[in-house]
Amino acid sequence: MVLSTKGGLDRVLAALADPHRRRVIELLRQRPQRAGEIARAVGLNPPALSRHLRSLRKGGLIVESHPEFDARVRVYSLRPEPMADLKKWLEDTERLWSEQLGAFKEQVERGR
């Protein structure tokens, strides 16, 4: 998922807006984990966690897989691309603001 696509940035930011979902992202940074492990670590019941995982999947931040030995087991892992795209967007935005503030400072100093 590329953030420049319509709604890509909005989906990522909406998915990251909730503290429980950010905690899930932090957990998955360590390693892929099963839904039950995530639920215990985050302190949510399975239906609540399921809603958060769905939001993270829709945001493109995580993927779900099933091990060959048991298709009922769901393992979640991070997709690095959306976070890298978000980081680039933030860096571009920061650069724009720095340029704008630098130009403003130069204008003020010339006016003295």
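Rule-based calculations on the coordinates, nothing more; no lab input. Being a predicted model, the structure only gives us computed values, none of them experimental. Neighbour counts are summed over all protein chains in view; Cβ atoms, including those assigned to glycine, are modelled from backbone coordinates with ideal geometry.
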Computed FRET value (nearest 0.05) for SER50 with ASP10, which takes r as the C-beta separation and R₀ as 22 Å: 0.50
The stretch 4-36 residues near the modelled VAL75 label - backbone nitrogen below 12 Å, point 7 Å along Cα→Cβ: 31-35
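Mean separation of Cα pairs under 8 Å and 6+ residues apart, divided by the residue count of the chain: what relative contact order is that in percent? Working shown, then result.
Details: 100 pairs, mean separation 32.8, N = 112.
Averaging sequence separation for qualifying contacts and normalising by length gives 29 percent for the chain.
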Summed side-chain charge close to THR93 - residues other than THR93 whose Cβ falls under 13 Å, Lys, Arg +1, Asp, Glu -1: -2
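When ranked by the protection proxy of mean other Cβ atoms within 10 Å per residue, highest first, what sequence do the peptides 103-109, 87-93, 18-24, 56-62 form?
56-62, 18-24, 87-93, 103-109
Suppose R0 equals 41 Å; then what is the FRET efficiency for ARG112 and TRP89 from their Cβ-Cβ distance, rounded to the nearest 0.05?
Taking R0 as 41 Å, the efficiency between ARG112 and TRP89 is 0.70.
Treating the beta-carbon of each Lys and Arg as +1 and of each Asp and Glu as -1, no other charges, what is the dipole magnitude of the stretch 8-111 about its Cα centre, to the nearest 20 debye?
With Lys and Arg at +1 and Asp and Glu at -1, about 540 debye.
Under a point-charge model restricted to the Cβ atoms of Lys and Arg (+1) and Asp and Glu (-1), what is the dipole moment magnitude of the stretch 2-57 relative to its Cα centre, in debye to the nearest 20?
On the way: 12 positive and 4 negative charges, 24 e Å.
In debye, rounded to 20, the stretch 2-57 gives about 120.
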Summed side-chain charge close to ARG54 - residues other than ARG54 whose Cβ falls under 14 Å, Lys, Arg +1, Asp, Glu -1: +4
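For a quick protection proxy, order the peptides 69-78, 44-53 by their average other-Cβ count within 10 Å, most packed first. Mind showing how you got there, number by number?
On the way: 69-78: 12.6, 44-53: 15.0.
So the order, starting with the most tightly packed, is 44-53, 69-78.
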